[in-house]
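Worksheet for the structure shown next.
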Amino acid sequence: MEKIFFINGQDYKVTDYSLKNGVVSFTYNGKKYEYQNLGFRDGLLIEGNNHRFSAHIGSVKDGEQVVMAHGLEARMSSGKKIKKQSISGSLNSPMPGKIFKVVKNVGDEVKKGDTILILEAMKMEHSIRADKDGVVKKIHFQVGELVQGGAVLASVE
Amino acid sequence: MKIKKILVANRGEIALRVLKTAKEMGIKVVSIYAEDDKTLPHAMLADESYSLGSGPLSETYLNQQKIVDIAKKSGADAIHPGYGFLSENANFANLVESSGIIFIGPTAESITLMGDKSGSKKALEHLSIPMIPGYHGDNQDEEFLANEARKIGFPVLIKASAGGGGKGMRIVHKEEELLEAIRGAKSEGLNSFSNDRVLVEKYIVNPRHIEVQLMSDTHGNHLHFWERECSIQRRYQKIVEETPAPNMSQELREKICQTAVQISSGINYRGAGTVEFILTPNNEFYFLEMNTRLQVEHPVTEMVTGYDLVRFQIMVAAGEKLPVKQSDIKQKGHAIECRIYAEDPDQNFMPSIGKIEKIGSPTLRDTRLDCGFNDGAEVGVNYDPMLAKLIVWGEDRKTSTQKTIQSLDEVLFLGVKTNRDYLKRILAHPAYVEGKTHTHFIPQYEADLKPKSFTDENIADLIAAFSLQGISRPTATGVAVERSTPWTTLTGFRN
């Protein structure tokens with residue numbers, strides 16, 4: 001069976017993939033691998049590929065899971081790729097926070113890179129900048145308002 | 001006066017840090033917590049704990065009157081402010097002492113004196129402490145300041161007098177940027193610290209940040225506990241600290257430490273303090289500022305000198321003499337502290353949030369994790385994104401570096417994006433290994449510090465781990481059993 005894995009957004013194809021009786025085997029880049037989980041109580045204890053290592057896996061977040069294994073750390077998913085939507089001109093909040101300052105007004109002409117508003121989160125200020133030249137069409141929040149991560153803060157057309 | 005009960009006016013790892021020493025000394029501890037912190041260790045491990053309610057910081061950890069009222073109600077005879085929050089607030093120190101409670105820290109006068117960057121430099125003039133060429137005066141006219149900057153010569157630094165943490169700071173490389181930078185620093189100072197006063201200084205290219213740990217009692221003893229090297233910074237905040245400073249002659253080390261003691265004795269300081277210096281590539285050093293509190297990075301000093309600085313703070317506050325002499329205080333081996341932050345170094349250090357599914361703990365000898373969280377805790381946007389400090393001691397710098405890299409793999413903070421892997425990349429970098437640290441280390445080596453690409457073997461291991469989650473070993477009958485992952489049930493408490 002052929003299977004696609006996404007590691008930090010990059011796709012990797014394996015063939016001859018099989019997962020049964022606690023054993024996973026597959027071929028990647030021309031080499032055959034086989035591993036099993038030894039059922040380590042606190043996380044996974046995996047044996048295969050000529051070594052044994054513990055691994056920890058986070059819960060699903062935005063369609064991905066964090067995998068930590070012998071010093072490696074990666075975001076992973078399998079099957080279909082997780083797309084992060086990003087629409088040009090619509091400025092999203094990178095994280096939950098509070099509107100600290102609104103710099104531009106609706107109707108203002110802005111150049112790419114101009115600060116439109118400032119978000120305060122985790123004791124730091126983050127400038128939300130125009131991602132293209134245009135006119136501020138809408139500012140969705142006022143100073144002091146709390147916003148969720150990903151919320152559309154302003155739009156430029 | 002004997003201290004029998006301490007209220008810790010802080011949260012997280014530093015609240016626990018103070019709590020531990022107090023317990024070792026047989027002193028009762030009162031903790032306080034905002035409602036959104038009520039399941040964190042600091043809210044659970046004290047002898048008594050009181051809610052500050054909810055709301056903005058001004059209503060909780062910064063609510064001076066509320067904190068003093070709790071201290072009185074609980075019968076605490078002293079307050080330890082930790083770092084941050086009210087630790088360098090002279091009004092608070094005054095309020096505490098005028099309420100008949102001991103403030104475990106310096107006098108309000110010392111806090112005020114050192115809190116204002118221009119004021120402190122003026123006050124130290126008569127002690128002949130080396131200062132960076134600059135203007136720290138009262139004339140705040142933009143054109144006048146610009147002229148002072150031109151006299152010093154570019155590059156210059158414009159800095160809000162009351163500033164800190166990089167706020168209200170501008171580096172100016174050429175004439176055209178000058179006036180805008182002065183205005184920018186002034187307005188940021190006004191917005192962040194209600195003070196638009198700025199100072200102008202010579203900007204030193206690739207300096208090192210060296211600081212000296214001080215401790216003074218009220219019997220005229222002004223001791224130093226040697227230096228710390230804290231050059232590795234991002235967003236003007238330290239992320240890796242160590243002691244002893246690498247590539248420093250013993251002669252220079254002693255000169256810097258002596259200069260720091262000149263300051264603490266010169267202003268008749270009390271308690272724990274830190275003098276920060278800038279060290280140029282030519283080994284000239286200049287006074288930067290004095291922090292009138294226990295520093296985040298104090299544990300490296302504790303690891304290398306073997307003394308408990310919080311214990312000394314408490315003893316000094318109780319009016320006791322420091323039990324050590326300067327000649328007793330020696331540096332043994334090497335210690336490194338890494339600050340683990342909830343942030344994504346590969347996305348311009350953007351803070352991250354989430355639920356900590358599993359913290360993990362370092363297992364090697366002489367390692368210490370100062371952490372204020374427990375498994376299952378939520379990291380939100382209301383507080384500083386520092387999750388923990390990993391402190392590692394080794395016989396020498398090479399050993400402590402290797403042990404730190406190893407230990408970083410054991411503190412997972414699964415569930416929240418952290419700078420853990422990035423810290424490993426810093427410690428493995430050849431310039432770090434050679435001890436060639438300076439405050440622009442991170443921008444200078446930006447390209448080298450990017451994530452390493454995975455080998456085919458790495459990819460295979462990751463795919464295996466991902467595939468085998470929730471599937472345990474084949475049973476005797478040869479059939480694997482599905483099991484619930486431990487993360488769903490891991491809400492156990494640790495500190």
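Efficiency by 1/(1 + (r/R0)^6): what FRET value for B:D328 and B:D47, r their Cβ-Cβ distance, R0 = 45 Å, to the nearest 0.05?
Calculated transfer efficiency: 0.90.
Counting other beta carbons within 10 Å of each Cβ, put B:C371, B:C338 in order, fewest first.
With the fewest neighbours first, B:C371, B:C338 line up as B:C371, B:C338.
What fraction of the Cα pairs in region B:56-200, stated in percent, has a spacing above 26 angstrom?
In whole percent, the share of Cα-Cα pairs in region B:56-200 beyond 26 Å is 38.
Given a Förster distance of 30 Å, report the FRET efficiency between A:D133 and B:N191 from their Cβ-Cβ distance, rounded to the nearest 0.05.
The value I calculate is 0.60.
Starting from region B:245-308, pick out the GluC sites (Glu not before Pro) whose DSSP state is loop and whose Cβ has at most 14 other Cβ atoms within 10 Å.
Counting only loop positions with at most 14 other Cβ atoms within 10 Å, the GluC sites (Glu not before Pro) in region B:245-308 are B:E284.
How would B:D396, B:D370, B:D37 line up from fewest to most surrounding beta-carbon atoms within 10 angstrom?
Listed from fewest to most nearby Cβ atoms, that is B:D396, B:D370, B:D37.
How big is the C-alpha Rg of chain A next to the rule-of-thumb value 2.2 N^0.38 Å, as a ratio?
Normalised by 2.2 N^0.38 Å, the Cα Rg of chain A equals 1.49.
Among all stretches of chain B without exposed chymotrypsin sites (Phe, Trp or Tyr not before Pro) (DSSP loop, at most 14 other Cβ atoms within 10 Å), which one is longest?
With chymotrypsin sites (Phe, Trp or Tyr not before Pro) excluded where exposed in loops, chain B gives B:237-492 as its longest stretch.
Would you tally the net charge around B:N291, using a Cβ to Cβ cut-off of less than 9 Å, leaving B:N291 out, and scoring K and R as +1, D and E as -1?
-3
I'd like the Karplus ³J(HN,Hα) series for region B:417-430: coefficients 6.51, -1.76, 1.60, θ = phi - 60°, whole numbers in Hz, and an x wherever there's a Gly or Pro.
Result, rounded to whole Hz: 5, 10, 8, 3, 5, 4, 4, 4, 5, 4, 5, 8, 5, x.
Rounded to the nearest 500, what is chain B's calculated 222 nm mean residue ellipticity when only DSSP H runs of at least 4 contribute -39500 (n - 2.57) each, over all residues?
-9000 deg cm²/dmol
Using 16 Å as the cut-off for backbone N distance, which residues of region B:282-323 belong to the label zone defined by a point 7 Å from the Cα of B:H219 along Cα→Cβ?
B:312-323
Which order do B:M303, B:M315, B:M44 fall in if you start with the one that has the fewest other Cβ atoms within 10 Å?
Ranking B:M303, B:M315, B:M44 by Cβ neighbours within 10 Å, fewest first, gives B:M44, B:M315, B:M303.
May I ask you to derive the relative contact order of chain B, considering only C-alpha pairs under 8 Å and at least 6 residues apart, and to give it as an integer percent?
Over chain B, the number comes to 13 percent.
Looking at the protein assembly as shown, send over the antiparallel percent of its DSSP beta bridges, to the nearest 5.
Antiparallel bridges make up about 90 percent of those DSSP assigns within the protein assembly as shown.
List the pair-distance distribution P(r) of the protein assembly as shown, using every Cα-Cα distance, as the percent of pairs falling in each 20 Å bin from 0 up to the bin containing the longest distance, rounded to whole percents.
17, 49, 30, 5, 0
Please sort by residue number the trypsin sites (Lys or Arg not before Pro) in region B:1-74 whose DSSP state is loop and whose Cβ has at most 10 other Cβ atoms within 10 Å.
Of the trypsin sites (Lys or Arg not before Pro), the ones in loops of region B:1-74 whose Cβ has at most 10 other Cβ atoms within 10 Å are B:K2.
Once label points are set 7 Å from the Cα along Cα→Cβ at both B:N206 and B:E434, what is their separation, rounded to one decimal in nm?
So the two model labels end up 1.0 nm from each other.
Please identify the trypsin sites (Lys or Arg not before Pro) of region B:335-396 that satisfy two criteria: DSSP loop assignment and at most 15 other Cβ atoms within 10 Å. Which are they?
Passing sites in region B:335-396 are B:R365.
In Å, what is the Rg of the alpha-carbon atoms in region B:30-89, and how long is Dmax?
Looking at region B:30-89, its Cα Rg and Dmax stand at 10.8, 28 Å.
If you take the alpha carbon radius of gyration of region B:5-104 and divide it by 2.2 N^0.38 Å, what ratio comes out, to two decimals?
Cα-based Rg divided by the globular estimate yields 0.94.
Under a point-charge model restricted to the Cβ atoms of Lys and Arg (+1) and Asp and Glu (-1), what is the dipole moment magnitude of the protein assembly as shown relative to its Cα centre, in debye to the nearest 20?
Its charge dipole is roughly 1040 debye.
Report the full-extension gain for the segment B:N348 to B:N282: residue separation times 0.36 nm, less the Cα-Cα distance, to one decimal in nm.
So the chain would gain 20.6 nm between B:N348 and B:N282.
Based on the alpha-carbon gyration tensor of region A:3-78 and its eigenvalue square roots a ≥ b ≥ c, which shape applies: rounded if a/c is under 1.5, prolate if not and a/b is larger than b/c, or oblate?
In terms of gyration-tensor shape, oblate.
For chain A, the longest stretch holding no trypsin sites (Lys or Arg not before Pro) located in a DSSP loop with at most 13 other Cβ atoms within 10 Å is which?
Answer - A:1-40.
Based on Cα positions only, what radius of gyration and what Dmax would you give for region A:90-156, in angstroms?
Final numbers for Rg and Dmax: 10.7, 30 Å.
What's the magnitude of the charge dipole for region A:90-156 around its Cα centre, counting Lys and Arg as +1 and Asp and Glu as -1 at the beta-carbon? Answer in Debye, nearest 20.
That gives a dipole near 40 debye.
None of the figures in this text is laboratory data; all of them are computed from the coordinates on show. What you see is a predicted model, and the numbers here were worked out from it, not measured in a lab. Heads up, the Cβs are rebuilt from the backbone with ideal geometry, glycines too, and the neighbour counts pull from every protein chain shown.
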